[in-house]
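Read through the structure below, which is laid out as structure tokens, and then see the notes.
The values are calculated or read from the model by the stated rules, or taken from the named source; none is laboratory data. Since the structure is predicted, the reported quantities are computational estimates derived from the model, not experimental observations. Every residue, glycine among them, receives a Cβ derived from its backbone with ideal geometry; neighbour counts consider all protein chains shown. The accessibility values were calculated without ligands, DNA or RNA, using every heavy atom of the protein model including side chains. Shrake-Rupley method; radii C 1.70, N 1.55, O 1.52, S 1.80 Å.
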Amino acid sequence: MKMLLPFVAVMALVAAALMAVNVANLHFLFGVAIPYIAFAVFTAGFVYRIVKWASSPVPFRIPTTCGQEFSLPWVKQNKIENPSTATGVIIRMALEIFLFRSLFRNIKAELRDGQKIVYGSDKWLWLAGLAFHWTFLVILVRHLRFFVGDVPMSIAMLEHLDGFLQIGVPMIYITDGVILAAIGYLFIRRVLLPQIRYISLPADYFPLFLIAAIVVSGILMRYIVKVDVVGVKNFTMGLVTFTPVIPATLMQGNGAWFFLHVFLISVLFAYFPFSKLMHMGGVFMSPTRNMINNSRMVRHVNPWNYPVHVHTYEEYENDFRDKMKAAGIPVEKE
Amino acid sequence: MAKFTAKPKDLINIDYTTPKTEWMDTPTEIREHMFCHATKAKDLETVEFPNIHEWRPQDEDWKLPANWEQTILQGMQDLLKKYRSFQLFMDICVRCGACADKCHFFIGSGDPKNMPVLRAELMRSVYRGNFTLAGKILKKLAGARKLTPAVIKEWWYYFYQCTECRRCSVFCPYGIDTAEVTMMARELLNLLGLQLGWIGGPVANCYMKGNHLGLEPHTIKSSVEFFLDDIKEITGITIEPTFNRKGAEILFVTPSGDLFANPGTYTAMGYLMLFHELGLDYTWSTYASEGGNFGFFTSNEMAKRLNSKIYAEAKRLGVKWILGGECGHMWRVIHQYMDTWQGPADFLQEPVSPITGTKFENAKATKMVHIAEFTADLIKNNKLKLDKSRNDHLVVTYHDSCNTARGMGMLEEPRYIINNVCNHFHEMPEDTIKEKTFCCGSGTGLNASENMELRMRGGLPRANAVKFVKEKHGVNMLANVCAIDRATLSASVDYWVPGTAVCGTHELVANALVMKGEKERTLDIRLEPLPGKEASE
Ligand code: HEM
Ligand code: SF4
Ligand code: SF4
């Protein structure tokens with residue numbers, strides 16, 4: 001169920017798009033209206049979520065320290081894993097965001113021979129996760145060629161790099177294969193590892209299936225069904241300049257694949273702010289990672305700190321004055 | 001309740017298979033030896049907690065107050081508004097499972113609800129159902145569920161199977177700290193009067209009498225005097241510490257556990273001997289006689305109420321700065337919370353060691369120094385005369401306590417000290433020390449006796465690493481800097497790795513410390529004959 005439902009949902013989305021375009025001729029709705037709406041939902045939703053996080057306070061300074069703190073001058077501090085300066089935090093965060101540093105620590109615990117627990121390095125998730133995200137990013141950046149008039153050098157270079165294993169025409173992008181493999185791994189591990197399957201929700205399968213469908217429809221268009229690329233560029237330029245046009249070449253034949261691709265991406269965009277995909281924004285704001293470990297050096301202020309009931313020394317001495325005097329412990333009031 | 005009698009070889013038969021039913025459809029069984037008794041009503045009355053009532057965890061009906069549901073949901077709403085950590089950690093988990101096998105309770109029990117991610121999902125599912133649009137519409141499809149009395153029981157059971165050790169947070173790609181979720185859950189459960197006896201009792205004691213054990217001022221003094229007799233027997237030296245003395249330069253605060261039971265008492269003797277040898281101008285306090293803070297395991301407010309005594313006493317006595325003893329959660333609180341709650345501590349001075357002149361830059365705002373920092377500095381500056389050979393009967397390994405490792409980062413100072421007072425030191429495997437250290441298994445107020453199975457299961461990963469170095473290097477002493485460790489590791493090591501003892505770092509210092517005018521030592525701090533000295537006397 002947890003897996004089937006999201007699968008059916010994604011298949012339904014695919015069918016809906018293909019039928020809408022092929023049968024009902026809803027090109028404008030699926031090519032223009034929905035993408036605009038999706039983009040608006042994405043932007044508003046993303047901003048809303050970030051603002052909501054940002055407006056909830058960080059009452060305490062709670063970094064998770066993963067190395068030696070700043071201490072005596074001769075004790076070697078781990079300036080990145082236990083930062084005492086903003087620079088340290090910036091490097092720590094950069095390593096998290098670009099290299100998934102914490103995931104790189106991953107180890108696997110195993111009960112061996114029914115009597116001892118051993119730990120082994122386990123970097124596959126890190127590798128697949130990194131491959132997935134980086135290829136996703138590269139593909140996203142490559143797509144910018146459709147949204148700018150003249151393709152900038154940097155994007156052209158990226159495309160060139162990505163396609164350096166030139167195999168026939170069109171050039172085959174390495175990222176296309178890698179992202180499929182990575183998604184495949186992330187999916188298979190979710191299904192095969194009993195503990196991971198146990199914690200998985202439909203909301204964990206859905207984005208995987210959806211992104212896989214986007215990738216597959218993209219690959220189909222590029223290598224197999226061959227959509228009119230010039231038409232696509234005219235279309236996307238129309239979208240970004242708010243003068244939407246649907247070129248005739250896309251209205252017929254293989255053009256439907258393009259509308260499918262655009263529709264699935266729209267769904268991903270609209271779904272994004274309501275889902276776990278918001279980890280993209282959240283990772284920057286995690287107080288256990290983005291704070292300086294200097295709470296004994298610099299006072300951290302809690303905006304909602306309030307006075308509390310305490311049991312004062314005076315009350316304490318009133319309770320125990322005689323016993324204190326008898327024991328020779330000094331008191332305030334004889 | 002029957003006594004806990006399971007043998008280690010049976011307990012280690014851990015079943016890691018997941019249940020046939022989904023976790024939301026798998027009812028929670030409150031199992032004997034895995035949970036703690038409920039607290040006494042009078043203890044909660046002392047600190048004026050809400051919804052105090054008599055109940056027992058093993059009963060069907062927990063007698064929840066009539067508006068329990070609204071209380072919890074309102075409580076969640078408040079906490080979500082107050083803590084970005086809570087809001088964020090409810091929102092961004094991708095269920096990658098990197099944290100799953102990092103929790104000592106999961107490793108030791110195999111119970112999937114002890115995977116940090118699932119522990120947090122127990123709360124997240126209710127969050128989704130009540131605070132998110134997707135959860136309200138899609139219900140179970142979005143991983144949401146209704147809040148029911150069974151959910152409250154499940155929370156209680158599993159959030160008291162988390163020791164807030166933060167090991168999961170080290171491995172999470174977003175730093176999601178399940179300890180933070182547990183802290184919120186415990187706040188919420190306290191709104192319904194669902195507290196543990198082992199937490200409620202110490203909290204009430206600490207509030208009224210200044211320490212968890214409820215030692216009254218004269219008893220604190222006589223406990224210390226008892227140590228002084230032993231010290232005299234060992235060294236021939238008479239020590240005269242002071243209590244509640246105004247005008248002392250330094251206030252010394254340590255967990256009360258060290259005044260009460262072995263092996264913590266040996267650490268306390270170590271402090272007394274070290275300070276005497278240095279001629280330190282310091283005082284103990286009977287009012288601020290607790291470094292630890294069990295309030296931290298109930299609510300943020302209670303933690304602050306208990307913690308207030310330290311600064312208040314420092315101010316009353318007019319000391320310059322504060323020195324803190326060996327403890328774990330005490331240092332999480334002092335390092336990451338105290339100044340924010342009670343500061344600024346402008347009535348104190350930036351701490352400077354009167355012996356070496358070293359400025360403790362890292363404590364310049366809070367003005368409280370950890371004794372391991374203090375002693376490491378003494379040794380580095382050659383201020384102590386040490387005879388390492390007096391620890392030659394010991395093969396030592398060092399256990400980082402969760403809080404000083406992951407909530408502070410004090411890793412090297414204790415190691416430096418141990419290496420300077422002992423000849424035989426061996427690290428446990430890399431994946432079980434420093435930031436990856438394992439909890440003793442009984443932190444956050446779970447060190448009761450009725451939950452012994454839970455404690456032994458949670459203590460397995462640590463004990464297992466001790467066993468490794470015992471077999472490889474003959475380790476017979478597990479050193480640490482935590483009062484709870486000293487009490488709890490003794491039990492779990494005794495269960496899993498019999499023949500290994502547990503000590504505080506300053507016990508080892510005291511053994512090695514050559515004091516002015518001492519007689520030739522024939523006994524160690526435990527009043528046991530020193531090796532090679534049995535015959536010569
Ligand atoms: C700053 C940007 C981002 C960072 C640092 C980041 C980091 C991570 C990490 C560390 C994981 C866990 C490991 C894994 O399962 O791969 C993860 C999971 C995931 N991320 Fe991201 N991510 C970012 C942006 C995105 C974006 C833009 C998307 C897609 C629209 C995305 C989609 C996913 C998905 C679907 C998973 C779950 C994979 C699974 O099912 O196991 N992420 N992310
Ligand atoms: S490691 Fe972090 S993101 Fe992954 S399942 Fe655990 S809490 Fe969630
Ligand atoms: S904080 Fe520690 S005890 Fe709690 S879930 Fe994480 S690893 Fe387990």
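Only Cα pairs under 8 Å and at least 6 apart count here; give the relative contact order of the range A:4-326 as a rounded whole percent. Please report the intermediate quantities before stating the final value.
Details: 325 pairs, mean separation 101.5, N = 323.
With pairs under 8 Å counted, the relative contact order is 31 percent.
Work out from phi, with θ = phi - 60° and the Karplus expression 6.51 cos²θ - 1.76 cosθ + 1.60, the ³J(HN,Hα) of each residue of the range A:311-325, listed in order in whole Hz, and give x for Gly and Pro.
Once rounded to whole Hz, the list reads 9, 6, 4, 4, 4, 4, 5, 4, 5, 10, 3, 5, 5, 5, 4.
Could you list, bin by bin from short to long, the percent of Cα-Cα pairs of chain B in 20 Å steps?
Bin by bin from 0 Å, the calculated values are 22, 55, 22, 2, 0.
Given the -39500 (n - 2.57) contribution per DSSP H run of 4+ residues, what per-residue ellipticity at 222 nm results for chain B, rounded to the nearest 500 deg cm²/dmol? Before the final figure, lay out each step's value.
Numbers: 22 runs with 234 residues, N = 537.
For chain B, the value works out to -13000 deg cm²/dmol.
Using r as the Cβ-Cβ distance of residue A:193 and residue A:99, and R0 as 22 Å, what FRET efficiency do you calculate, to the nearest 0.05? Please list the in-between numbers first.
Details: r = 23 Å, r/R0 = 1.06.
It comes to 0.40.
Summing both sides, how much accessible area is buried between B and A? Use a 1.4 Å probe and give Å² to the nearest 100. The partial results should precede the final answer.
Values: alone 21140 and 20780 Å², together 32930 Å².
Interface area, both chains combined: 9000 Å², rounded to the nearest 100.
What ³J(HN,Hα) values, in whole Hz, does the Karplus curve 6.51 cos²θ - 1.76 cosθ + 1.60 give for the range B:471-488 when θ = phi - 60°, with x put for Gly and Pro?
Once θ is set to phi - 60°, the couplings for the range B:471-488 become 6, 7, 10, x, 4, 10, 9, 9, 8, 7, 10, 8, 5, 5, 4, 4, 7, 7 Hz.
For residue B:523, which sequence-distant residues (separation of 5 or more, or a different chain) have an amide H within less than 5 Å of its own amide H, given hydrogens modelled in the peptide plane?
Long-range HN contacts for residue B:523: B:530.
Express the carbon and sulfur contribution to the solvent-accessible surface of the range B:202-512 as a percent, rounded to the nearest whole number, probe 1.4 angstrom.
Details: 3700 of 7890 Å².
Here carbon and sulfur together make up 47 percent of the probe-accessible area.
Can you find, among B:442, B:237, B:276, the residue sitting farthest towards the positive end of the charge dipole of the range B:202-512, where Lys and Arg contribute +1 and Asp and Glu -1 at Cβ?
B:442
So what is the calculated 222 nm ellipticity per residue for chain A, using -39500 (n - 2.57) for each DSSP H run with n of 4 or more, over all residues, to the nearest 500 deg cm²/dmol?
On the way: 13 runs with 179 residues, N = 334.
Estimated from H runs of four or more residues: -17000 deg cm²/dmol.
Sequence-distant or interchain residues sharing an amide H contact under 5 Å with residue B:502, placed H: which?
Under 5 Å from the amide H of residue B:502: B:478.
From the backbone phi of the range B:155-171, what are the Karplus-calculated ³J(HN,Hα) couplings (6.51 cos²θ - 1.76 cosθ + 1.60, θ = phi - 60°) in whole Hz, Gly and Pro given as x?
Values, residue by residue: 4, 4, 5, 8, 7, 9, 10, 10, 9, 6, 8, 6, 5, 4, 5, 5, 8 Hz.
Tell me, what is the per residue accessible area of the range B:31-86 in Å², probe radius 1.4 Å? Numbers along the way, then the final one.
Numbers: 2980 Å² over 56 residues.
That works out to 53 Å² per residue.
Under a crude label model (7 Å from the Cα following the beta-carbon direction), how far is residue A:322 from residue A:306 in nanometres?
3.9
Quick one: how many Å² of residue A:96 are accessible to a 1.4 Å probe, rounded to 10?
The value for residue A:96 is about 10 Å².
In percent, how large is the relative contact order of chain B, given Cα pairs closer than 8 Å and 6 or more residues apart? Spell out each step's value before the answer.
Numbers: 980 pairs, mean separation 88.9, N = 537.
Once normalised by length, the contact order is 17 percent.
Skip the ligands, DNA and RNA, and give the accessible area per residue of the range A:4-326 with a 1.4 Å probe, whole Å².
Heavy-atom SASA per residue in the range A:4-326 reads 47 Å².
Probe of 1.4 angstrom, ligands and nucleic acids ignored: what's the accessible area per residue over the range B:207-296, in square angstrom?
On the way: 2560 Å² over 90 residues.
Dividing the accessible area of the range B:207-296 by its residue count gives 28 Å².
With the Cα gyration tensor of the range B:1-111 giving a ≥ b ≥ c as the square roots of its eigenvalues, does the rule (a/c under 1.5 for rounded; else a/b larger than b/c for prolate; else oblate) give rounded, prolate or oblate? The partial results should precede the final answer.
Working: a/c = 2.05, a/b = 1.16, b/c = 1.76.
In terms of gyration-tensor shape, oblate.
Around residue B:245, which amide H atoms from residues at least 5 apart in sequence, or from another chain, sit under 5 Å from its own amide H, with H modelled in the peptide plane?
Amide H neighbours of residue B:245: B:284.
Probe radius 1.4 Å, ligands and nucleic acids ignored: give me the carbon and sulfur share of the accessible area of the range A:237-319 as a rounded percent. Don't jump to the answer; show the numbers that get you there.
Values: 2460 of 3560 Å².
Here carbon and sulfur together make up 69 percent of the probe-accessible area.
Using a 1.4 Å probe on protein heavy atoms, which residues of the range A:81-105 have at least 40 Å² less accessible area in the complex than alone?
Buried by 40 Å² or more upon assembly, which counts only protein chains, are A:103, A:105.
What ranking of B:107, A:188 comes out by heavy-atom accessible area, probe 1.4 Å, highest first? Don't jump to the answer; show the numbers that get you there.
On the way: B:107 5, A:188 90 Å².
The residues order as A:188, B:107, largest area first.
Please give the helix B:264-278 orientation as an angle from the longest Cα principal axis of chain B, in degrees from 0 to 90, rounded to the nearest 10.
40
Accessible surface of residue B:86 in the full protein assembly, 1.4 angstrom probe, to the nearest 10 Å²?
Accessible area of residue B:86: about 0 Å².
How large, in percent, is the carbon and sulfur part of the accessible surface of the range B:11-78 at a probe radius of 1.4 Å?
Carbon and sulfur atoms account for 47 percent of the accessible area of the range B:11-78.
Nothing charged except the Cβ atoms of Lys and Arg (+1) and of Asp and Glu (-1): what's the magnitude of the dipole of the protein assembly as shown about its Cα centre? Round to the nearest 20 debye. Provide the component values of the computation, followed by the final result.
Values: 92 positive and 84 negative charges, 468 e Å.
Dipole of the protein assembly as shown, to the nearest 20 debye: 2240 debye.
Can you pull out the chymotrypsin sites (Phe, Trp or Tyr not before Pro) in the range A:22-88 that DSSP calls coil and that have at most 16 other Cβ atoms within 10 Å?
Numbers: sites: A:28, A:30, A:36, A:39, A:42, A:46, A:48, A:53, A:60, A:70, A:74; in loops: A:60, A:70, A:74.
Here the sparse-neighbourhood loop sites are A:74.
Can you sort B:339, B:392, A:150, B:10 by solvent-accessible area, 1.4 Å probe, largest first?
Values: B:339 5, B:392 60, A:150 140, B:10 85 Å².
Ranked from most to least accessible, the order is A:150, B:10, B:392, B:339.
So, taking all protein chains as they sit and a 1.4 Å probe, how much accessible area belongs to residue B:37, in Å² rounded to tens?
For residue B:37, the solvent-accessible surface is approximately 80 Å².
Which residues belonging to the range B:420-446 lose at least 10 Å² of 1.4 Å-probe accessible area when the assembly is complete, relative to their chain isolated?
When all protein chains are present, B:431, B:432, B:435, B:436, B:438 each give up 10 Å² or more of accessible surface.
Work out which residues of the range A:188-204 lose at minimum 10 square angstrom of accessible surface when the other protein chains are put back, relative to the chain isolated, with a 1.4 angstrom probe, and list them by number.
Correct list: A:189, A:190, A:194, A:195, A:196, A:198, A:199, A:201, A:202, A:203, A:204.
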